[in-house]
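Working notes for the structure below.
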Amino acid sequence: MSSEDLQDTDTEARFEFKKKESSAFQAEKGLTEETIRVISEDKDEPEWMLQRRLRALEQFQEMPMPDDWPGAPDLSEVDVDEIVPYIRPDIETRGGAENWEDLPEEIQDTFDKLGIPEAEKNALSGVGAQYESEIVYQNMKEQWEEKGVIFCDMDKAVQEHEELVREYFMTKAVPPSDNKFAALHGAIWSGGSFVYVPEDTTVNMPVQAYFRMNSDGMGQFEHTLIIAEPNSEVHYIEGCSAPKYSAFNLHSGGVEVFVKEGAHVQYSTVQNWSKNTYNLNTKRAIAEADATMEWVSGSMGSKATMLYPSTILKGPGATDNHITIAFAGEGQDIDTGAKVYHNAPNTKSTIESKSIAKDGGRTNYRGLVHIADGATDSSTAVECDALMFDNESTSDTMPYMEIEESKVDVAHEATVGKIGDEDVFYLQSRGLDDDDAKQMIVSGFIEPITEELPIEYAVELNRLIELEMEGSLG
Amino acid sequence: MSTQVHAAIDEATVRQISDDLDEPEWLLETRLEALSALDDVDFPDVIKTPGRKWTDLEGLDYDALVDPLSAAESKDQVGPADAEVLPFAEAVAEHEELLREHFGSVVAPETNYLTALSTALFTTGTVVYVPEGVDAEDVTVRTEMNSRSLFNYTLVVAEESSSVTILERQETGEDSVAPTAQRDEGGEAAGMDGDRYYSGITEIVAGENSYVQFGNLQDVDESTYVYSRREAAVDTYGTVNWIECNLGSRLTKSSVESHLDGDSSETKIVGAFYGHDDQHFDVNARVWHNAEHTTADLVTRGVVDDHARSVYEGVQHVGREAWDTNSYQRENTLMLSDESEADAAPKLIINNHDTEASHSATVGQVSAEDMFYMTSRAVDERTARNMLVEGFYVPVFEEIEVEELRDDLRSRIQDRLQARA
C-alpha cells in the first residue's frame with residue numbers, strides 16, 4: 001500500500017473493526033499478588049523481575065489517585081479490580097513470529113488494515129506489533145542486526161538481554177514510585193519494545209511498533225525501553241489503537257529513554273484509543289551531555305488521557321524538543337503536556353503544543369518546566385495554541401514554571417481562539433464548502449506536528465482528525 | 001499594648017471586638033459564623049507540583065501571631081466631600097443598610113481559613129461610598145500598623161455612573177513597639193520574636209457604568225506575614241482597574257480578582273513586586289468572565305533578588321455564557337541573583353469558544369546586550385543595571401494613572417536598588 005492508497009483507505013474501517021476474542025491465557029480480573037506471580041511465571045521471568053513487580057504492587061496499593069490536581073480528569077470509574085490485566089493471544093509462536101505469514105489470519109488481517117506490513121516494506125528498519133498483551137510480530141532488517149542494533153519485544157529482552165534490562169528497567173527514569181499508574185505498570189507490565197543502539201551507530205530509518213487492544217475490559221501495559229549509546233541516533237515510532245467497547249479499558253504504558261552523550265533519539269507516537277479507554281502513561285527520557293531528545297505525539301481517542309512526557313536534561317548542552325497535538329471530542333478529557341527538568345548548564349528545551357476541542361470535549365495543556373539552581377545559560381520556550389469549535393467544549397492551559405537559576409531565558413506563550421469566521425469565509429468564497437474549509441484550517445493548524453512525522457503517520461493523523469470531524473460540522 | 005494577655009481565637013474575643021465597635025447583631029453573627037467555620041474550611045489554594053507546595057501558609061502559628069485585642073494602628077482616611085470615606089465603626093453607625101447589603105457579598109467570609117479568620121477578627125476598616133453619578137478623586141487610606149497583628153477591611157461601593165480613584169497603603173509605624181514573644185514551648189519558627197501578621201480584605205461593588213481605580217502599595221516591615229485578598233464584582237459597562245504593588249513583608253500571599261458579571265464590563269489587573277533578602281511573594285491575579293463582551297488585561301512585573309522567591313498564578317476563566325470575550329495576560333520576572341527563585345503558573349480556563357485569549361510569562365535576567373550597550377556609553381555597571389531594572393517596570397508604571405502611587409513605587413524601587421551592594 002503506497003501512501004496514496006493509505007489516504008484512500010476508509011479510515012473508519014481501519015480503526016473501528018473488532019475481532020472475535022480468542023485467547024490462550026487470560027488472567028483473572030483484578031490485581032493480586034497471585035496474578036502477578038502467574039504473569040511472571042507464564043513469562044518465565046527471572047526472580048529479580050518478579051521481586052520488582054511485587055514491590056511495585058505494594059507501592060501501587062499505598063499510593064493515592066492523582067485526583068487532587070486542579071482540573072484533573074475524572075478517574076472515579078477506573079477500578080483496577082474490574083480490568084483484565086493480562087491476555088496472551090492465541091498464537092503458537094510466542095514472543096513474536098518471524099514472518100508476517102506465520103501469524104494467524106485474523107491478526108494478519110487486523111494489521112493489514114492498519115497498514116503495518118506495507119509501512120515496514122516501504123520505510124522502516126524494523127517493525128514490532130503488539131496484540132493485546134504480547135508482541136505478535138517482530139522483524140528487524142539484517143543490516144541493523146549486524147551493527148549490533150537490538151530491536152525486540154520487552155519480554156524477550158528480559159530473557160536475552162537480562163543485564164541491560166536489569167540495569168535500566170524502571171530504576172532510573174520511571175521508578176514505580178513516580179506515580180500510582182507507574183506503580184501499576186511496574187506490577188503488571190507486559191510486552192512492549194526494547195531498542196538498543198550501540199555507540200556511534202546511526203539507524204537512519206525509523207523503527208516502529210504498533211499496539212492494539214482488542215478485548216473488552218482489558219488493560220494494556222506495554223513497556224518501551226530505548227537505550228541510545230553515545231553518539232548514536234534512532235527514531236522510534238509507536239502507534240496505538242483500540243476499538244470501542246462497552247466496559248472501560250485501561251492503558252497504562254511506560255516509556256523509558258536513555259539518550260547518552262551526543263546521542264539523538266526521536267520518539268514519535270500517534271495514539272487513537274477507543275472512547276472508553278483511560279490512557280494513563282508515564283514517559284520519561286534522561287538526556288546526557290550534548291544529547292538530543294525529541295518527543296512527537298498525537299493524542300487522539302480515549303475517554304481520559306493523562307500524559308506528560310518528560311525529559312531530564314542531565315548533562316550540559318542537552319536539548320529537548322516536544323511537539324504534541326491533542327484532539328478531544330464528545331465526552332473526552334485529554335489532559336496532556338510536557339515536563340522538562342533543566343539540571344545542567346546550557347540545556348535547551350522547546351515545547352510546542354496544539355489542541356483542538358469540539359462537541360463538549362476538554363483539552364488541557366499541563367506542563368512543568370523546572371530550571372535547577374546551577375543550570376546557567378539554559379533556555380526554554382513553551383508555546384501552546386488551542387482551537388475551539390463550539391461552546392460545549394473546554395480548553396485549559398496550565399503551565400507551571402519553577403525557575404531557580406537567574407542566568408536563564410524562559411518564555412511561555414499561549415493563545416486560544418475559535419475557528420476564524422473570516423478564514424472560513426475566505427475559503428468558502430473560493431468554492432470550498434464549510435466542512436472542507438474547516439478541515440483545511442485544522443490541517444493547517446496541526447501542520448507543525450505532521451511535518452515532523454514520517455508520511456504514513458502524518459497521513460494517518462490527518463485521516464484520524466478528518467474522521468473525528470466528520471458529521472460534526474456544518 | 002498588652003503583652004500579658006494574649007487574646008485567643010475564640011468566641012469571647014470575637015464578642016469583645018464586636019462590642020467595642022458597637023456592632024449590630026447581624027454583624028456579630030457573621031463574625032461568629034466565620035469563627036466556627038475555621039474548623040471546616042481549607043487554607044487558600046497554593047500551587048502544588050509533585051513533591052512540592054509552592055507557598056506554605058499552614059506552617060504559621062496563627063494562635064501565637066494573632067492578637068486582635070491588642071491591635072493598634074494609625075490611620076488616614078481622606079476623600080473628597082461628595083464621596084463618603086468612613087472608618088468602619090462610623091459606617092456601621094451611619095450606613096448599616098449599605099453594609100448589610102454588601103458586607104461579605106464579594107469576598108465570602110468562608111472562602112478559606114484566612115478570610116474566615118479576617119472576618120471574625122477584623123478591628124479596623126474603611127468604607128468608601130460613592131453615590132450615583134459622583135466623580136470622586138483622590139481617596140486615600142493609609143494604615144500604619146503598630147501592633148503584632150492587624151486585621152483590616154475595606155469596602156468600596158460605587159453606584160451607577162460614578163467614578164472613584166482610591167489609593168491604599170500599608171506600612172509599619174516607626175514607633176511601633178517590637179512585639180514580644182508568645183513563644184510556644186520549644187519555640188517554633190513561626191510566632192517567634194518580632195513576627196507580625198497583617199490581613200487585609202478588600203471588596204469592591206462596582207455598579208452599572210461605574211469606574212473604580214484601586215491602587216495599593218504594601219510596604220510593611222520585613223518581619224510581617226501578609227495575607228491580602230481583593231475582589232471586585234463589576235456590573236454592566238463597569239470598569240475596575242487594580243494596581244497591586246508588593247514591596248514589604250517576610251511573606252505575602254496576595255490575591256486580586258475581578259468578577260466580570262455584567263455585559264461589556266472590563267478590568268485591568270496591574271501588579272508589581274520587588275523581593276529581596278529572603279522575602280517570599282505569592283501573587284495571584286484572577287479574572288472571571290461571566291458575561292458577554294467582557295475584556296480583561298493582566299500585567300504583572302516583578303524582580304527577585306538575593307534569596308527572595310516569587311510565585312505567580314494568573315487565571316483567566318471564561319464562563320460558558322461569556323460570548324465575545326477578550327482576555328490577555330502577561331507576566332515577566334527579572335532575576336537579579338542566583339539564589340533567588342521565580343515560579344510562574346499562568347492558567348487559561350476556556351468554556352466559550354467565542355474567545356480571544358492569550359497569556360505569556362517570561363523569566364530572565366538583565367540582558368547582557370543591554371548592559372553592554374549602556375556600559376559602552378560610559379554608564380558604570382551598577383548604574384546601568386539599576387536603570388535597566390527601573391526600565392523593566394516601565395510597562396507597569398505606564399498603567400498606573402495615579403501619579404502619587406507611580407512616584408512612590410518608583411522611588412521605593414530606586415531605594416532598594418541603591419541599597420543593593
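If you check residue B:382 against the conditions, is it surrounded by fewer than 16 Cβ atoms within 10 Å (Cβ to Cβ) and more than 8 Å from chain A (Cβ to nearest Cβ)?
Numbers: surrounded by fewer than 16 Cβ atoms within 10 Å (Cβ to Cβ): yes; more than 8 Å from chain A (Cβ to nearest Cβ): yes.
Against the criterion (surrounded by fewer than 16 Cβ atoms within 10 Å (Cβ to Cβ) and more than 8 Å from chain A (Cβ to nearest Cβ)), residue B:382 qualifies.
Every residue in the stretch A:338-397 that is of a type in the set (Gly, Ala, Ser) and over 23 Å from the mean Cα position of the chain (by Cα), please.
A:344, A:360, A:372, A:374, A:375, A:378, A:379, A:393 - these are the residues of the stretch A:338-397 that are of a type in the set (Gly, Ala, Ser) and over 23 Å from the mean Cα position of the chain (by Cα).
Give A:414, A:386, A:381 a once-over and let me know the one that is in a strand (DSSP E or B) and more than 9 Å from every other protein chain (Cβ to nearest Cβ).
A:381
Here are B:252, B:294, B:239: which of them is open to solvent by 10 Å² or more (accessible area, probe 1.4 Å) and either within 23 Å of residue B:88 (Cα to Cα) or at pLDDT 95 or above (or both)?
B:239
Quick one: in the stretch B:297-330, which of the residues that are hydrophobic (A, V, I, L, M, F, W, C), surrounded by fewer than 24 Cβ atoms within 10 Å (Cβ to Cβ) and over 22 Å from residue B:56 (Cα atoms) is nearest to the other protein chains (Cβ to nearest Cβ)?
Top of the filtered list is B:323.
Give the residues of the stretch B:385-421 that are open to solvent by 40 Å² or more (accessible area, probe 1.4 Å), farther than 21 Å from residue B:304 by Cβ and assigned to a loop (DSSP other than H, G, I, E, B), sorted by residue number.
Across the stretch B:385-421, the qualifying residue is only B:401.
Answer with yes or no whether residue B:268 is surrounded by fewer than 22 Cβ atoms within 10 Å (Cβ to Cβ) and either assigned to a strand (DSSP E or B) or of a type in the set (A, V, I, L, M) (or both).
In short, yes.
Residue A:62: of a type in the set (Asp, Glu), more than 29 Å from residue A:163 (Cα to Cα) and either in contact with a Cys (Cβ under 7 Å, 6 or more places away or on another chain) or at pLDDT 80 or above (or both), yes or no?
yes
If residue A:300 satisfies every condition in (1) open to solvent by 20 Å² or more (accessible area, probe 1.4 Å); (2) assigned to a strand (DSSP E or B) but one, which is the exception?
All conditions are met except number (1).
Say we look at the stretch B:341-371 and pick out the residues that are of a type in the set (Asp, Glu) and facing another protein chain (nearest Cβ under 7 Å); which of these is nearest to residue A:415 (Cα to Cα)?
Once the filter is applied, the top-ranked residue is B:356.
Check whether at least one residue in the stretch A:199-212 is at pLDDT 85 or above and of a type in the set (Asp, Glu), and report yes or no. Show your work before the answer.
Of the stretch A:199-212, the ones at pLDDT 85 or above are A:199-203.
So of that shortlist, the ones also of a type in the set (Asp, Glu) come out as A:199-200.
Scanning the stretch A:199-212, I find at least one residue that is at pLDDT 85 or above and of a type in the set (Asp, Glu), so the answer is yes.
Report, by residue number, each residue of the stretch A:338-378 that is small (Gly, Ala, Ser) and more than 9 Å from chain B (Cβ to nearest Cβ).
If the condition is that a residue be small (Gly, Ala, Ser) and more than 9 Å from chain B (Cβ to nearest Cβ), then A:338, A:344, A:349, A:353, A:355, A:360, A:361, A:367, A:372, A:375, A:378 are the ones that fit.
For the list (1) under 11 Å from the mean Cα position of the chain (by Cα); (2) closer than 20 Å to residue A:189 by Cα, I need the number of the one condition that residue A:285 fails.
(1)
Can you list residue pairs whose Cβ atoms sit under 8 Å apart, with the first residue in the stretch A:192-205 being assigned to a loop (DSSP other than H, G, I, E, B) and the second being open to solvent by 40 Å² or more (accessible area, probe 1.4 Å) and modelled with pLDDT of 95 or more? Count only pairs 6 or more apart in sequence or on different chains.
The qualifying pairs are A:199/A:231; A:200/A:231; A:201/A:233; A:203/A:233; A:204/A:233.
So residue A:223 fits all but one of (1) at pLDDT below 80; (2) crowded, with 23+ Cβ neighbours inside 10 Å; what number is the exception?
All conditions are met except number (1).
State which residue is farthest from residue A:233 (Cα to Cα) when the search covers only the stretch A:277-297 and only residues that are in a loop (DSSP other than H, G, I, E, B) and open to solvent by 10 Å² or more (accessible area, probe 1.4 Å).
That would be A:281.
So which pairs qualify, if the first residue must be in the stretch B:70-87 and closer than 29 Å to residue B:6 by Cα, the second must be open to solvent by 40 Å² or more (accessible area, probe 1.4 Å) and of a type in the set (Gly, Ala, Ser), the Cβ gap must be under 6 Å, and the two must be at least 6 apart or on different chains?
B:70/B:2
Specify which of the listed residues (B:333, B:375, B:362) is out of contact with any helix residue (DSSP H, G or I) (no Cβ under 9 Å at 6 or more places or on another chain), without any contact (Cβ under 8 Å) to a residue 40 or more places away in the chain and open to solvent by 10 Å² or more (accessible area, probe 1.4 Å). If you could, list the steps in order and put the result at the bottom.
On the way: B:333 fails: open to solvent by 10 Å² or more (accessible area, probe 1.4 Å); B:375 fails: out of contact with any helix residue (DSSP H, G or I) (no Cβ under 9 Å at 6 or more places or on another chain).
Of the residues listed, the single one that is out of contact with any helix residue (DSSP H, G or I) (no Cβ under 9 Å at 6 or more places or on another chain), without any contact (Cβ under 8 Å) to a residue 40 or more places away in the chain and open to solvent by 10 Å² or more (accessible area, probe 1.4 Å) is B:362.
Looking at the stretch A:317-330, is at least one residue under 26 Å from residue A:155 (Cα atoms), open to solvent by less than 10 Å² (accessible area, probe 1.4 Å), of a type in the set (A, V, I, L, M, F, W, C) and within 13 Å of the chain's Cα centre (by Cα)?
No, the stretch A:317-330 contains no residue that is under 26 Å from residue A:155 (Cα atoms), open to solvent by less than 10 Å² (accessible area, probe 1.4 Å), of a type in the set (A, V, I, L, M, F, W, C) and within 13 Å of the chain's Cα centre (by Cα).
Assess whether residue A:229 counts as being open to solvent by 10 Å² or more (accessible area, probe 1.4 Å), at pLDDT 95 or above and over 25 Å from residue A:454 (Cα atoms).
no
So that you can scan it fast, the table gives a plain yes or no per residue for (1) more than 7 Å from every other protein chain (Cβ to nearest Cβ); (2) open to solvent by 50 Å² or more (accessible area, probe 1.4 Å):
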{"site": "A:392", "(1), (2)": "yes, yes"}
{"site": "A:402", "(1), (2)": "no, no"}
{"site": "A:408", "(1), (2)": "no, no"}
{"site": "A:420", "(1), (2)": "yes, no"}
{"site": "A:426", "(1), (2)": "yes, yes"}
{"site": "A:429", "(1), (2)": "yes, yes"}
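Can you tell me which residue in the stretch A:172-198 is modelled with the lowest pLDDT, limited to those that are buried (at least 24 other Cβ atoms within 10 Å of the Cβ) and over 29 Å from residue A:67 (Cβ atoms)?
Within the stretch A:172-198, the match that is modelled with the lowest pLDDT is A:193.
Which members of the stretch A:417-461 meet the condition of being among the aliphatic types (A, V, I, L, M), closer than 30 Å to residue A:238 by Cα and not in a helix (DSSP H, G or I)?
Answer for the stretch A:417-461, where residues must be among the aliphatic types (A, V, I, L, M), closer than 30 Å to residue A:238 by Cα and not in a helix (DSSP H, G or I): A:446, A:453.
Across the stretch B:92-123, what is the total count of residues that are in contact (Cβ under 8 Å) with a residue 60 or more places away in the chain and not in a loop (DSSP other than H, G, I, E, B)?
The first filter runs over the stretch B:92-123 and keeps only residues in contact (Cβ under 8 Å) with a residue 60 or more places away in the chain, leaving B:92-93, B:96, B:99-100, B:102-107, B:109-123.
Applying the additional criterion that residues be not in a loop (DSSP other than H, G, I, E, B) yields B:92-93, B:96, B:99-100, B:102, B:113-121.
The total comes to 15.
Considering only residues that are over 19 Å from the mean Cα position of the chain (by Cα) and over 18 Å from residue B:214 (Cβ atoms), which ones fall in the stretch B:132-145?
Within the stretch B:132-145, B:132, B:133 meet the criteria.
The values are calculated or read from the model by the stated rules, or taken from the named source; none is laboratory data. Quick caveat, the model's predicted, so the values are computed rather than measured. Note: ideal-geometry Cβ built from the backbone for every residue, glycine included; neighbour counts use all protein chains shown. Only protein heavy atoms, including side chains, enter the accessible area calculation; ligands, DNA and RNA are left aside. Shrake-Rupley method; radii C 1.70, N 1.55, O 1.52, S 1.80 Å.
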